[in-house]
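J.: Would you mind keeping the following structure in view while I ask a few things?
The values are calculated or read from the model by the stated rules, or taken from the named source; none is laboratory data. Computed from a predicted model, the values in this text were never measured in an experiment. A quick note on method: Cβ atoms are made from the backbone with ideal geometry, for glycine too, and the neighbour counts reach across all protein chains shown.
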Amino acid sequence: MHFGYRSTFHDSISTEVYLHNFDGDLYGENVTVTVHKKIRDIIQFSTAKTLKAQIKKDIEYLE
């Protein structure tokens with residue numbers, strides 16, 4: 001889960017949650033999220049590609 005400024009994309013504040021093994025659309029739906037632990041600090045990546053690579057590492061860490 002990420003809550004805050006999307007520094008890699010110089011974007012506004014957002015809340016984003018990764019749902020492992022979920023393939024669906026929840027836009028407009030109410031969801032409840034439980035945070036179990038922090039994985040890492042917020043990092044500004046130079047490209048979307050490096051961000052995707054880090055997200056892959058984060059998922060591998062959690063598995």
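J.: Looking at Val31 and the list (1) assigned to a loop (DSSP other than H, G, I, E, B); (2) hydrophobic (A, V, I, L, M, F, W, C); (3) touching a residue at least 40 places away in the same chain (Cβ under 8 Å), which single condition is not satisfied?
T.: It fails just one condition, (3).
J.: Just wondering, is there one or more residues in region 18-27 that are in a strand (DSSP E or B) and surrounded by fewer than 11 Cβ atoms within 10 Å (Cβ to Cβ)?
T.: no
J.: Output yes when any residue across region 1-9 is among the hydrophobic types (A, V, I, L, M, F, W, C) and more than 25 Å from Glu63 (Cβ to Cβ), and no when none is.
T.: yes
J.: Anything in region 34-50 that is out of contact with any Asp or Glu (no Cβ under 9 Å at 6 or more places or on another chain) and surrounded by fewer than 10 Cβ atoms within 10 Å (Cβ to Cβ)? List them, or say none.
T.: If the condition is that a residue be out of contact with any Asp or Glu (no Cβ under 9 Å at 6 or more places or on another chain) and surrounded by fewer than 10 Cβ atoms within 10 Å (Cβ to Cβ), then Thr34, Val35, His36, Lys37, Lys38, Asp41, Ser46, Thr47, Lys49 are the ones that fit.
J.: Just wondering, is there one or more residues in region 4-15 that are in contact (Cβ under 8 Å) with a residue 24 or more places away in the chain, on the phi > 0 side of the Ramachandran plot and out of contact with any Gly (no Cβ under 8 Å at 6 or more places or on another chain)?
T.: Yes - at least one qualifying residue is present in region 4-15.
J.: Now for a different question. Hey, does region 2-13 have a residue that's of a type in the set (S, T, N, Q), in a loop (DSSP other than H, G, I, E, B) and at pLDDT below 90?
T.: Taking every residue of region 2-13 in turn, at least one turns out to be of a type in the set (S, T, N, Q), in a loop (DSSP other than H, G, I, E, B) and at pLDDT below 90.
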